[in-house]
1. To the nearest 10 degrees, how steep is helix A:52-68 against the longest Cα principal axis of chain A, on a 0 to 90 scale?
2. Treating each Cα of the range A:132-199 as an identical point scatterer and ignoring solvent, apply the Debye formula and state log10 I(q)/I(0) at q = 0.17, 0.19 Å⁻¹.
3. Which entries of B:LYS60/B:LYS109; A:LYS211/A:LYS244; A:LYS142/A:LYS211; A:LYS211/A:LYS246 have Cα-Cα distances beyond 18 Å here?
4. Report ³J(HN,Hα) in whole Hz for each residue of the range B:44-49, in order, from the Karplus equation J = 6.51 cos²θ - 1.76 cosθ + 1.60 where θ = phi - 60°; Gly and Pro get x.
5. For chain A, modelled as a GNM with alpha-carbon contacts under 10 angstrom, which of A:VAL210, A:VAL196, A:VAL143 fluctuates the most?
6. Kindly identify residues of the range A:178-206 having a loss of at least 20 Å² in accessible area between the isolated chain and the assembly of all protein chains, probe radius 1.4 Å.
7. Could you name every residue in the range A:24-40 that has 10 Å² or more less accessible surface in the full protein assembly than in its own chain alone (probe 1.4 Å, ligands and nucleic acids excluded)?
8. Where the eigenvalues come from the Cα gyration tensor of the range B:1-73, what are the semi-axes √(5λ) of the equivalent ellipsoid, largest first, in whole Å?
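The values are calculated or read from the model by the stated rules, or taken from the named source; none is laboratory data. All of these numbers come straight from a predicted model, not from anything done at the bench. For neighbour counting, all protein chains shown are included, and Cβ atoms are generated from backbone atoms with ideal geometry for every residue, glycine included. For accessibility, only protein heavy atoms count, side chains too; no ligands or nucleic acids. Shrake-Rupley method; radii C 1.70, N 1.55, O 1.52, S 1.80 Å.
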Amino acid sequence: MEIGFYPGCSLNGTSLEYAQSTLALAKTFGITPVEITGWSCCGATAAHNLNHELAVALPARVLALAEKQGLTELLVPCAACYNRLSVTQHALNTNEALRKNISQTLQMPLSGKLRILNVMQVIEKYIADKIPAKVVKPFTRKVACYYGCLLVRPHDVLQFDRLEDPQSMDRLMAQAGATPLDWGYKTECCGAGFSVSRTDVVAKLSGKIVKDALDRGAEAIIVACPMCQSNLDMRRPHIDRYLKMKTTIPVMYITQAIGLAVGLSRKELGLEKLFVKMIDD
Amino acid sequence: MSSEQKGFTAEIRSATGVNVNRCYQCGKCSAGCALSEDMDYPPSVVMRLLQTNSAESYHKILRSQAIWLCASCQNCVTRCPMQIDLPQLMDYLRVQALEKKAVNTKSKKIVAFHRAFLDSVRYTGRLYEVGLVADYKLRTLDLLQDLSVAPRMLLKGKLPLLPEMVKGKLKIRS
Ligand code: SF4
Ligand code: SF4
């Protein structure tokens, strides 16, 4: 089975292992992701902070290209891209003048029918019921599933999972053998795009997330967003300084965790790219 | 509520659809905002100041750090009983602050980072993270800040050294 695939900039750069593990997992379950030819950046947050027109035009270009290629479903692993693309499609679908205008600028039609799916949605739709049969090495850890902001808000547009206490990642991790925990920071902000410009803010917000996960007894934090992953993982020295303690809890992508359970190797899943090491049991 | 409003609250309303008068100061936005303790004016105070419709308050808000610290996490609007779209309002206020050259001096780094990001996308069509950080550092002259993680990122193959180019990137430049 084929499915459209939008890696986005992060998965091509700092979050290669998310792309790697997503592709490896897809392959294991007989799914072939087809990359959008000539895709460009979705604009992430910078575009809508500084330039409103680009904020719509950049993601709209991606949607138009996908449609042109005949894709009907698009897997978007990066939560920021998933959010931007979904919000843009919603805006175009509910504002005919805007849609015409943008479609003219891009000189491409925009039907607005593309189904934009995040990693959990694709796993739930095509893979979930096949996971238990494929598990060879259950991921037997207590996990804190961290959703962040971008997968669940704005809820009326994304319509994904529950707004305040989402469950999809928890369910999937349970199928891979893990014990998902109840905790308080599932959808709190990690400091998002302030990683470089206000590292102190990220240290504090991400620090609170790491601390709560630890306090509840988590042995791994599971994520589905490159920004969350890099803030919680790569900024760990700053986080530890804020918490005044040395923390060793790994932060891994859901695709890596499920991948391990179904017997993919650490190398195939890019586990060596984590800053805070995932030590085998 | 009078419908014939003048001044910046009317401008805000026509540009963003947000009617600041609808806020009844329950404070849920500030309670849920992860950034609010770092802000000079927490979200509900931003709302209150805007409600005064005075030039002085508006100027305070445009010059505030709060509008640049808002991470657009959407928590406030999700929980607001009046569904006031604060993140969109913040977005609008940032553009206004830039246009009126009233950017909060402590927030220049955040602005510089966003600018460097957009220029990277304009140039290559994709975000090129080494170039982005280099460009950001030139803008802020904060050259040493990330030196501790960069070599490890290169080793781990997380920072490709050459940018990828997208065909048809001129269309993005427009
Ligand atoms: S949550 Fe809404 S109504 Fe309550 S203070 Fe904030 S903006 Fe006003
Ligand atoms: S969108 Fe901005 S103001 Fe609202 S809760 Fe998030 S950071 Fe705070």
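1. For helix A:52-68, the angle is close to 90 degrees.
2. Cα-only, vacuum Debye calculation for the range A:132-199: -0.71, -0.81.
3. Details: B:LYS60/B:LYS109 20 Å; A:LYS211/A:LYS244 11 Å; A:LYS142/A:LYS211 15 Å; A:LYS211/A:LYS246 11 Å.
Listed pairs above 18 Å: B:LYS60/B:LYS109.
4. Here the 3J(HN,Hα) series is 5, 6, 4, 4, 4, 5 Hz.
5. Between A:VAL210, A:VAL196, A:VAL143, it is A:VAL196 that shows the largest mean-square fluctuation.
6. Buried on complex formation: A:GLU188, A:CYS189, A:GLY193, A:PHE194, A:VAL196, A:SER197, A:ARG198, A:VAL201, A:LYS204, A:LEU205.
7. Buried on complex formation: A:GLY38, A:TRP39, A:SER40.
8. Numbers: eigenvalues 90, 37, 23 Å².
For the range B:1-73, the ellipsoid semi-axes come out as 21, 14, 11 Å.
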